[in-house]
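Undergrad: Could you have a look at this structure, given as structure tokens, before my questions?
The values are calculated or read from the model by the stated rules, or taken from the named source; none is laboratory data. Quick caveat: nothing in here was measured; it's all calculated off a predicted structure. All Cβ positions, glycine included, derive from the backbone under ideal geometry; neighbour counts span all protein chains shown.
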Amino acid sequence: MSQSKFRFAMIAALIVFSTTRGISQTVLPEILVKGTIQGQMNYLEEKTRIYDEYRAIREDMFQKIKNNSVDSLTKAKSKISGFVKLTGNLNVRIDSLNSSLNVTKEELKEISRTKNSISVIGIKIEKTVYNTIMWMIVAGLAFVLVIGFLIFKRNRTITLNTKKELKELNEEFEAYREKTRLDREKMSMDHFKEIQKLRGI
């Protein structure tokens, strides 16, 4: 019985020593440091082995990808916040332009009820000339409004796409985390079974 315990202790010490040396000497591949999340996932898919429908992954690689995923989510949230702020500013600007356009239209209606000549700061101006100037102002405001709307629409599209990508990234990360948890449990069970076998020797 004591010889069996001694043998088990020696094997356990060898496993711990070799695992510690292996972990301390491993260097993360460059793609896990500088690559995209998709590239990192592809790298793991290519480089890790599947055993009994489970994929084994080194702990340092898992932690690195986990940290990279969290960093990517943080950056995406920051971008979304920027887009939301920009969208709010554009909405305020569009409202201001709409208000200016409504005021201008009201002024034009009032002008249409006046005589052919209009007095502006004591100067008589032909109504057609005055109307032309006002319509040019309205056209300029409408142009600015259209540009503002197009910018708002583009930013809204970018925001929606970013939210969709963030949601997909969250879903991928949750699926990956669940799969990794199951892999760890499987490895723990295999290790436990091996220990039981060693105890039985």
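Undergrad: Can you confirm whether Ser100 is more than 30 Å from Ile57 (Cβ to Cβ), hydroxyl-bearing (Ser, Thr, Tyr) and modelled with pLDDT of 85 or more? Spell out the reasoning first.
TA: Details: more than 30 Å from Ile57 (Cβ to Cβ): yes; hydroxyl-bearing (Ser, Thr, Tyr): yes; modelled with pLDDT of 85 or more: yes.
Yes; evaluated as a whole, the condition is true for this residue.
Undergrad: What number of residues within the stretch 23-62 are surrounded by 12 or more Cβ atoms within 10 Å (Cβ to Cβ), without any contact (Cβ under 8 Å) to a residue 24 or more places away in the chain and among the polar types (S, T, N, Q)?
TA: Looking only at that region, the number is 2.
Undergrad: For the stretch 140-176, name all the residues that are loosely packed, with under 13 Cβ neighbours inside 10 Å, under 28 Å from Phe62 (Cα atoms) and of a type in the set (Lys, Arg).
TA: Residues satisfying the conditions are Lys164, Lys167.
Undergrad: Now for a separate question. Inspect all residues belonging to the stretch 116-129 and state whether any of them is surrounded by 15 or more Cβ atoms within 10 Å (Cβ to Cβ), in contact with a helix residue (DSSP H, G or I) (Cβ under 8 Å, 6 or more places away or on another chain) and modelled with pLDDT under 85.
TA: yes
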